[in-house]
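The values are calculated or read from the model by the stated rules, or taken from the named source; none is laboratory data. In this text, all values refer to a predicted model and were calculated from it rather than measured experimentally. Heads up, the Cβs are rebuilt from the backbone with ideal geometry, glycines too, and the neighbour counts pull from every protein chain shown. The protein model used for the area step is the full one, side chains on, heavy atoms only, and it has no ligands, DNA or RNA in it. Shrake-Rupley method; radii C 1.70, N 1.55, O 1.52, S 1.80 Å.
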Amino acid sequence: MAYNGGVNKAQPETPRMRVRFFDEQRLVNYAPLDKANDDAREQLTEAEWSKVQRFVLSGINANTKRMYRAHWADFAYFCQINRLRSLPARPESIALYLATLAEGELKRATLQARLAAIVKVHDWRFAGAAGYVNPGRDPLVKLSLGAAIRQRVLEREAVRQVDALSPDDIATLLDQLDEVYPGDANALKVACYRALLLIGFAGGFRRSELVAVRLRDVRRTTHGLRIILPFSKTDQIGAGMDKFINKSTKATGLCPVRALDSWLAQSNIRSKGPDSFVFPSFGSRGQIRNTHLSDRMVALLIQNLARRAGFPNWKELGGHSLRAGFITSALRQGNAEWKVRRQTGHRSSQAFRRYIRGQQDGGDAATVL
């Protein structure tokens, strides 16, 4: 249709016009993978299907792949010794597997992760095939998982939650950095870890998100910083989210923005380009590497500093103590829940409220008398 003074008039569209339009837009070479014949076909060839599978798997986090691989290996072994087919599996076989796992000492989260691995592997292998129905989503399997989880609950399985850190706790941990990492040789480490703890706490980061931040993800704002997360645990498709971290108006020593500026100035990381990690790993001599800090190192750093500071609960602290601490402190200071959730990226209130600490002793209980 051509536009003519607000009146649409039908215009004959020739094949030549269409070809010219698409030729101008086409930026990818659509060379066929299968040149055996030119007949119209419904199904992909092995080469085409392999390309799809490799592409799908490339979008999955490496840690997630390792977890799924380990859980799937356990299910495959179970099927092997019981002479059952694992791929594709029957719903009855998966239900039997879950019933067997429930007799052991596995935690609820592990039971759920085992089933998630079975579901994912079947999707990776068979999604798109005619008549495919994932056996891991069968009603019998869902009932079996529910029964297994209920059994763990009745046995009073405790769900471990790391303790939260308060702003005062963060200040105490920061005071220990110079003692744990003394001398000029460790000056860069101290500056890096100071910025890491303050940014992680102020942004309510997951530890995996925190160590993956690159220079290109950090932008300046009127009030402080905007850190862009291209991906996260609950955003595997890469819609992205922003975390805004403002300059502290209370204590200069606890300002995350100033701490990050100091670290970047001392390290000269900006000279390495926008793809450089903001929180890199260090070599044995204190030199900065091109890889990012291990997410496990965040938990070890917090525990090490807490033990040095004499925290009695240092073993109950971890990487998530920063995230739980931000949520708990922000709510106690009167911030609206929607504001805190916008910072943390929680989609559901149920998952969000599991991070609120201080409920065990009734200190946060609603009171009317």
Within segment 280-296, can one find any residue that is in a helix (DSSP H, G or I) and farther than 21 Å from GLN176 by Cα? no
Hits in segment 96-117 (condition: over 29 Å from the mean Cα position of the chain (by Cα) and in a helix (DSSP H, G or I)): LEU96, ALA99, THR100
Would you pick out the residues in segment 170-188 that are at pLDDT 85 or above and either within 27 Å of THR110 (Cβ to Cβ) or open to solvent by 40 Å² or more (accessible area, probe 1.4 Å) (or both)? THR172, ASP175, ASP178, GLU179, PRO182, ALA187, LEU188
Can you find a residue in segment 44-54 that is outside any helix (DSSP H, G or I), at pLDDT below 70, open to solvent by 40 Å² or more (accessible area, probe 1.4 Å) and farther than 30 Å from PRO230 by Cα? yes
Considering residues of segment 129-144 that are out of contact with any helix residue (DSSP H, G or I) (no Cβ under 6 Å at 6 or more places or on another chain) and either at pLDDT below 90 or of a type in the set (Asp, Glu) (or both) only, the residue surrounded by the fewest Cβ atoms within 10 Å (Cβ to Cβ): GLY131
Cβ pairs under 7 Å, 6+ apart or interchain, first in segment 309-323 and of a type in the set (Phe, Trp, Tyr), second part of a helix (DSSP H, G or I), ordered by first then second residue, are TRP314/GLN303; TRP314/ALA306; TRP314/ARG307
Please pick out the residue among LEU301, LEU293 that is in contact with a Pro (Cβ under 8 Å, 6 or more places away or on another chain), on the phi < 0 side of the Ramachandran plot and open to solvent by less than 20 Å² (accessible area, probe 1.4 Å). LEU293
So which residues in segment 163-188 are out of contact with any Asp or Glu (no Cβ under 8 Å at 6 or more places or on another chain) and not in a helix (DSSP H, G or I)? ALA164, LEU165, SER166, GLN176, TYR181, PRO182, GLY183
Taking segment 83-95 only, how many residues are surrounded by 17 or more Cβ atoms within 10 Å (Cβ to Cβ) and in a helix (DSSP H, G or I)? 4
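Take segment 261-287 and flag every residue that is touching a Ser or Thr at 6+ places or on another chain (Cβ under 6 Å) and in contact (Cβ under 8 Å) with a residue 40 or more places away in the chain.
ILE269
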Do we find a residue being open to solvent by 10 Å² or more (accessible area, probe 1.4 Å) and in a helix (DSSP H, G or I) anywhere in segment 230-248? no
Residues that are in a loop (DSSP other than H, G, I, E, B), open to solvent by 50 Å² or more (accessible area, probe 1.4 Å) and either modelled with pLDDT of 80 or more or closer than 30 Å to LEU143 by Cα (or both): does segment 56-64 have at least one? yes
Of ALA73, ALA113, which residue is open to solvent by less than 40 Å² (accessible area, probe 1.4 Å) and either under 30 Å from ALA212 (Cα atoms) or touching a Phe, Trp or Tyr at 6+ places or on another chain (Cβ under 6 Å) (or both)? ALA113
Determine which member of the set GLY310, GLY319, GLY273, GLY325 is modelled with pLDDT of 85 or more and crowded, with 20+ Cβ neighbours inside 10 Å. GLY325
Which condition number in (1) open to solvent by less than 30 Å² (accessible area, probe 1.4 Å); (2) under 26 Å from the mean Cα position of the chain (by Cα); (3) over 16 Å from LEU300 (Cα atoms) is the one that LEU196 fails? (3)
For segment 197-232, which positions are modelled with pLDDT of 90 or more, among the hydrophobic types (A, V, I, L, M, F, W, C) and out of contact with any Phe, Trp or Tyr (no Cβ under 9 Å at 6 or more places or on another chain)? LEU197, LEU198, VAL218
